[in-house]
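Heads up, the thing below is written out as structure tokens.
The values are calculated or read from the model by the stated rules, or taken from the named source; none is laboratory data. All of these numbers come straight from a predicted model, not from anything done at the bench. Note: ideal-geometry Cβ built from the backbone for every residue, glycine included; neighbour counts use all protein chains shown. Side chains included, ligands, DNA and RNA excluded: accessible areas come from the protein's heavy atoms. Shrake-Rupley method; radii C 1.70, N 1.55, O 1.52, S 1.80 Å.
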Amino acid sequence: PGQFVWADLLTHDVPTAVNFYTNVFGWEVEYKDDKNYAHASIDGEPVAAIAAYNEGEDENAEGVWLMSVSARDIRNAGQAVKAAGGKVLEGPEDLPGRGQYILVEDPRGALIMLLRANDGDPEENTGDESDWLWAELWTDDTVASTHFYEQVLGYRSVAVKGLSGSTYQIMGRDQRPRPSVIKSPFEDVSPNWLPYVKVDDVDAVAIDVIEHGGTVLVPPERDEQKQRQ
């Protein structure tokens, strides 16, 4: 429990998103459902899904990465979510080919999916090139957010001082570090989960991002958490 096991990108333009991620990270993509859904992989190993928002969703909504974290008992997790001040937006429901899930909004507004996979969790990510490396929560209240996930997922957290003197939280369980929690650097950005992708050359990827229609919000710099690790 507590391991991040999957990621879904929800967007109003699946082909444009596919074009971006295949060019920037080299993901291999197979379209399904008349280009409203795509399955991405790296060297044949699944990495993510890219899916269109459901009909009726706000057409001005931005694309969002929805992270899935492993939970041992979905119904009990749902009760813990409510008791800790969060909301269960969907489920418990069975997701064909994947398992049982609930979609959750934490007390600060960040979305996350809790999942119990039918076939068990995948092996721990080794951080291959262009694969997921880490998950981080950007929030306007690190204390409240950390407390919520400790209550729901059984994490324990430690405060870590970065190289610049700033403090952030590392949450984990079973002697394994999992996500980090930081104060969002942008006041106009709602609390959200941010997945990290491993790359060899951050500067080169930043150029690729711009060339393929993306925007660099934070320029390449030393990452305190990865430096620590």
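Checked against (1) open to solvent by 60 Å² or more (accessible area, probe 1.4 Å); (2) free of Cβ contacts under 8 Å to residues at least 40 places away in the same chain, residue 121 passes all but a single condition, namely (2).
Residues in the stretch 1-18 that are touching a strand residue (DSSP E or B) at 6+ places or on another chain (Cβ under 8 Å), touching a residue at least 60 places away in the same chain (Cβ under 8 Å) and not in a strand (DSSP E or B): 1, 2, 3.
Check whether at least one residue in the stretch 66-74 is under 17 Å from residue 212 (Cβ atoms) and not small (Gly, Ala, Ser), and report yes or no. Checked the stretch 66-74: no residue is under 17 Å from residue 212 (Cβ atoms) and not small (Gly, Ala, Ser). The C-beta contact set for the stretch 64-82 (first residue closer than 18 Å to residue 121 by Cα, second residue acidic (Asp, Glu) and in a loop (DSSP other than H, G, I, E, B), distance under 6 angstrom, 6+ apart or interchain) comprises 70/121. Taking the criterion of being touching a helix residue (DSSP H, G or I) at 6+ places or on another chain (Cβ under 9 Å) and either open to solvent by less than 40 Å² (accessible area, probe 1.4 Å) or in a loop (DSSP other than H, G, I, E, B) (or both), the residues of the stretch 19-44 that qualify are 20, 24, 25, 27, 35, 36, 38, 40, 42. A single entry from 159, 135 fulfils the requirement of being out of contact with any helix residue (DSSP H, G or I) (no Cβ under 6 Å at 6 or more places or on another chain), among the small types (Gly, Ala, Ser) and buried (at least 18 other Cβ atoms within 10 Å of the Cβ): 135. You will find that of 121, 140, 94, the residue that is within 30 Å of residue 167 (Cβ to Cβ) and either of a type outside the set (Gly, Ala, Ser) or touching a His at 6+ places or on another chain (Cβ under 6 Å) (or both) is 140 and no other.
Residue-wise test of (1) over 14 Å from residue 1 (Cβ atoms); (2) not aliphatic (A, V, I, L, M).
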site	(1), (2)
61	yes, no
65	yes, yes
69	no, no
76	no, yes
89	yes, no
95	yes, no
118	yes, yes
150	no, yes
161	yes, yes
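When residue 89 is tested against (1) loosely packed, with under 13 Cβ neighbours inside 10 Å; (2) over 19 Å from the mean Cα position of the chain (by Cα); (3) in a strand (DSSP E or B); (4) of a type outside the set (Ser, Thr, Tyr), exactly one condition is not met: (2).
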